[in-house]
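The numbers here are math on the coordinates, done by the rules we state, and not lab data. Bear in mind that the values here come from a model prediction, so they are computed numbers and not experimental data. Methodologically, a virtual Cβ is constructed for each residue, glycine included, from the backbone with ideal geometry; neighbour enumeration extends over all protein chains shown.
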Amino acid sequence: MHLYKTTRGIILQHQNKSFQINDEWDTLVNRKNLYEHLFKLTNNSKVLPTIESDELIKEHLLPPIGTQEVWAAGVTYLKSRDARIEESADTGAADCYSRVYEAERPELFFKSLSHRVVGHNGHVYIRKDSSWNVPEPELTLYINSSGNMQGYSIGNDMSSRSIEGENPLYLPQAKIYNNSASIGPCLYIPEKPLDPETKIHITIHRRREKMFDDFTAINRMKRSLTELAEFLFRELDFEHGCYLMTGTCVVPPNNFTLQKGDIVNITIDLIGTLTNIVTVKD
Ligand code: DO4
Ligand code: MG
């Protein structure tokens with residue numbers, strides 16, 4: 001099931017039908033056994049004509065988020081560990097990335113409040129004080145207030161590699177700035193957990209030319225999704241649940257940096273495609 005948030009209300013898509021859901025986002029997504037709850041709603045919710053739901057999703061889409069905080073995990077794939085080691089090679093900090101990759105405790109960091117999150121077709125920013133900027137395509141979990149994974153979305157953890165590489169203590173500046181977090185296009189709530197073979201695919205286009213294209217499967221992750229959720233919830237409560245980006249799995253070559261106007265597409269099997277346009281804050 002795919003849940004879309006629009007300026008005109010919530011749309012649930014299931015088996016080629018679209019339903020209008022009359023509930024408030026935070027309350028809805030935090031309902032116990034979300035899949036079963038939504039399934040029941042399909043029996044007594046208004047069915048929207050395809051033309052109407054397509055128009056709402058195309059023209060009035062919002063990021064699939066209410067007041068949830070967005071957190072992120074780092075160095076969960078070998079690719080990410082190696083990229084961090086390379087970018088911090090001159091600073092003597094490379095060791096901390098090898099250590100966190102092997103450690104029992106994962107790297108978890110705060111990424112965004114919900115009002116700073118952009119969605120599908122939204123503009124993501126690159127920092128003006130950063131010389132090396134990349135998108136990070138990440139499977140993103142929706143975890144309810146009881147700590148149970150209830151759904152998935154697609155995240156783009158926009159990052160400054162020059163700032164992060166200079167000193168690991170600069171991580172919040174490399175990661176948290178206006179329009180640095182994108183989530184969308186929807187919240188996907190399957191009956192069963194995602195297949196470990198699920199692929200994440202990213203392309204970056206510049207003036208119609210493909211600059212980067214790569215993919216991997218989520219089973220390349222060193223840690224389990226439940227392990228990440230368990231660590232995040234150890235000493236933190238989230239009244240309406242939260243989003244957790246689970247770390248990047250593909251990294252553009254070291255000579256690549258994003259430019260204004262680039263188009264980033266991230267596709268995850270069964271969830272959809274999240275598209276972002278890269279720009280710079282005025
Ligand atoms: O350690 C820095 C952040 C890593 C990260 O965001 C990732 O691996 O996705
Ligand atoms: Mg990341």
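Placing dummy labels 7 Å off each Cα toward the beta-carbon, the span from Leu113 to Lys222 is 3.3 nm. What FRET efficiency would be calculated for the residue pair Arg207, Asn43, taking the C-beta separation as r and a Förster radius of 35 Å, to the nearest 0.05? E between Arg207 and Asn43, to the nearest 0.05, is 0.10. Report summary: the helix-based calculation at 222 nm, which adds -39500 (n - 2.57) for every DSSP H run with n ≥ 4 and divides by the residues of the chain, gives -6000 deg cm²/dmol. Simple spin-label estimate for Asp90 and Ile51 gives 6.0 nm between the two label positions (7 Å along the Cα-to-Cβ direction from each Cα).
Full extension of the chain between Asp282 and Leu270 yields a length gain of 0.7 nm, computed as 0.36 nm times the residue separation minus the alpha carbon distance.
Note: the chain, Cα convex hull, 122 Å³ per residue. Modelled label positions at Tyr35 and Leu236, each set 7 Å beyond Cα in the direction of Cβ, lie 2.6 nm from each other. Excluding same-chain neighbours fewer than eight residues apart, the aspartates and glutamates reachable from Lys210 by a Cα-Cα span under 16 Å are Asp262.
How far, in nm, would the chain grow between Leu78 and Asn121 when pulled straight, counting 0.36 nm per residue and subtracting the alpha carbon separation?
Details: separation 43, 0.36 × 43 = 15.48 nm, distance 2.94 nm.
Contour length minus the Cα-Cα distance gives 12.5 nm.
Extension gain for Arg99 to Ser146 (0.36 nm times residue separation, less C-alpha to C-alpha distance): 13.9 nm.
Here the convex hull built on the C-alpha positions of region 2-62 has a volume of 75 cubic angstrom per residue. Given a Förster radius of 41 Å and the C-beta distance between Asn255 and Asn16 as r, what FRET efficiency does 1/(1 + (r/R0)^6) yield to the nearest 0.05? Between Asn255 and Asn16 the formula returns 0.40.
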